[in-house]
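What follows is a single structure, written as structure tokens, with notes after it.
The values are calculated or read from the model by the stated rules, or taken from the named source; none is laboratory data. Predicted, not measured: the structure shown is a model, and the values here were computed from it. Every residue, glycine among them, receives a Cβ derived from its backbone with ideal geometry; neighbour counts consider all protein chains shown. Protein only, heavy atoms only, side chains kept; ligands, DNA and RNA dropped before computing areas. Shrake-Rupley method; radii C 1.70, N 1.55, O 1.52, S 1.80 Å.
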Amino acid sequence: MKKNNNPWERSLVELKSSSDKISLNDMLLTLLKSHDRILEVSLPLKMDDGKIKVFRGFRIQHNNILGPYKGGIRYHEQVNLDEMKALSFWMTMKNALIDVPFGGGKGGIEVDPKTLSEGELERLTRAFTRKIKDVIGPHKDVPAPDVNTNPKIMAWVASEYAKQNGKDGIAVVTGKPVDKGGSEGRKEATGMGGMYALIASLKKLRFNKKNPTVAVQGFGNVGRYIASFLQRNGFKIVAVSDSKGGIYIPDGISDIENLEKYKEAKGFLAGCYCVGSVCDISNREKRGGKDITPAELLTLPVDILIPAALESVITKINAGKIQAKIVFEMANGPTTIEADEILEKKGITVIPDILSNSGGVAVSYFEWFQNLNNKKWTKDEVFKKLKQKMEKAVDRVFETSKKFKTTLREASYILALKKIESVWENKKD
Ligand code: GLU
């Protein structure tokens with residue numbers, strides 16, 4: 001693996017360059033270069049056919065200076081230690097930047113959940129929860145959804161935790177279903193927060209074009225919501241893709257909600273060209289559409305490119321071909337360091353992941369707070385608070401980038417590091 005394509009090596013480079021700019025305390029820098037706890041567990045699972053399969057799981061706790069470790073659990077066949085190390089570090093930075101009282105953590109299982117039955121998925125989740133039950137807890141470490149996990153899976157985590165520890169586990173995990181203690185608006189929060197942050201950023205950039213064109217890579221809980229919210233707010237979504245393929249309609253995709261229904265029914269997006277409510281490959285020519293791969297989506301002639309799937313998709317190989325004026329990172333870590341440099345030279349503005357996608361964890365914090373304080377906020381209240389948080393973060397990042405003459409990514413890191421340093425200084429004595 002090349003150095004910069006390893007997400008953890010990349011995080012260390014990002015940490016070094018931003019901490020240099022503010023002469024971060026050496027001891028703190030050393031702390032942030034390592035992880036407080038790395039837990040790897042083995043998960044034997046009895047499959048529906050009676051055979052036993054063993055899966056590998058992780059819970060990585062990067063740092064808890066600001067509060068309990070916090071971050072998602074992902075189910076993906078590419079889950080590995082270095083990826084988890086980077087993702088938990090990015091959570092530390094993200095939580096500090098968006099100003100929630102959490103440190104950073106991340107977990108995952110190396111599995112393609114689409115190959116499991118519902119029963120297998122539940123048994124695997126419960127087995128994983130049993131193996132990590134001693135290191136998680138409402139005031140220790142609070143997991144949440146991430147790639148390929150959802151409210152139902154979070155409810156299994158909460159229920160198994162409660163069963164094992166003999167106490168109410170409601171605040172041990174966020175992103176639960178609303179009828180099981182979840183917050184209104186959590187499901188849509190990453191997408192909604194992304195929309196608030198993008199609109200605020202466009203104002204700062206004085207990007208006034210009407211109906212800007214957008215391509216979104218990824219159609220999971222993040223991609224589908226941001227695409228649909230942006231469409232409702234006048235953006236022209238011209239391309240979307242999931243892991244199996246995508247569609248490109250230069251005139252604009254007519255209705256993201258139709259796409260959601262199609263994907264729900266078929267399991268993929270490819271071929272979903274809609275005329276009215278009929279979505280079919282036979283409409284492709286009529287709509288002037290083109291089938292594309294997820295990689296092709298990245299280099300389309302659009303105003304705004306939104307990677308909303310996995311990390312390291314924009315690399316030195318394709319960065320030179322990117323035509324978008326703005327890359328708005330909704331995935332964690334989609335851009336490698338070499339790609340970042342190429343984009344900067346081309347004058348493409350990158351709005352970094354720890355800012356753009358922090359709406360998810362912001363509403364996770366609201367959920368945790370409501371659980372602990374026995375409150376229930378309406379969706380309107382949640383989105384109002386979310387909007388304020390996102391706009392404030394955007395303001396501060398743009399201001400810092402001006403002050404330090406840095407990229408928005410470095411400015412975001414600088415703000416996060418300064419916040420951690422101030423709390424750490426006070427705690428030390
Ligand atoms: N998985 C999400 C992220 O990467 C949300 C984490 C959380 O809510 O704790 O930000």
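Tabulated results
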| quantity | calculated |
| --- | --- |
| Three-way shape label, region 375-429, alpha-carbon gyration tensor, a/c 1.5 | oblate |
| Global geometry of region 134-173, whether rounded, prolate or oblate, following the gyration tensor of its Cα atoms and the 1.5 cut on a/c | oblate |
| For region 179-187, Karplus couplings with θ = phi - 60° (6.51, -1.76, 1.60), whole Hz, Gly/Pro x | 7, 10, x, x, 8, 4, x, 5, 4 |
| Probe 1.4 Å - accessible area at Phe369, Å² to nearest ten | 70 Å² |
| Region 190-316 shape via C-alpha gyration tensor axes, a/c threshold 1.5 | prolate |
| Spin-label pair Lys180/Lys203, simplified geometry with 7 Å Cα→Cβ offset, distance in nm | 3.8 nm |
| Per residue accessible area in Å² of region 51-134, where ligands, DNA and RNA are left out and the probe is 1.4 Å | 30 Å² |
| Contour excess over end-to-end distance, with Cα ends at Lys163 and Asp82 and 0.36 nm allotted per residue | 26.0 nm |
| Relative contact order computed over region 261-311 (Cα-Cα under 8 Å; 6+ residues apart), in percent | 20 percent |
| Charge dipole of the chain about the Cα centre (unit charges at C-beta), most positive-ward option of Gly50, Ala319, Gly191 | Gly191 |
| For region 185-277: accessible area per residue (Å², 1.4 Å) | 40 Å² |
| Solvent accessible area, Å² - His139, 1.4 Å probe, full protein context | 130 Å² |
| Nearest-0.05 FRET efficiency for Gln388 and Ser243, computed from C-beta distance (R0 45 Å) | 0.85 |
| Dipole magnitude (debye, nearest 20) for region 1-151, charges at Cβ of Lys, Arg, Asp, Glu | 200 debye |
| Length added when fully stretched, Asp112-Ser23, from 0.36 nm per residue minus Cα-Cα | 27.8 nm |
| Theoretical ellipticity at 222 nm over the chain - DSSP helices of four or more residues, -39500 (n - 2.57) apiece, nearest 500 | -14000 deg cm²/dmol |
| Lys428/Thr378 FRET efficiency (R0 35 Å; Cβ-Cβ; nearest 0.05) | 0.30 |
| Carbon + sulfur, % of accessible area of the chain - ligands and nucleic acids excluded, 1.4 Å | 50 percent |
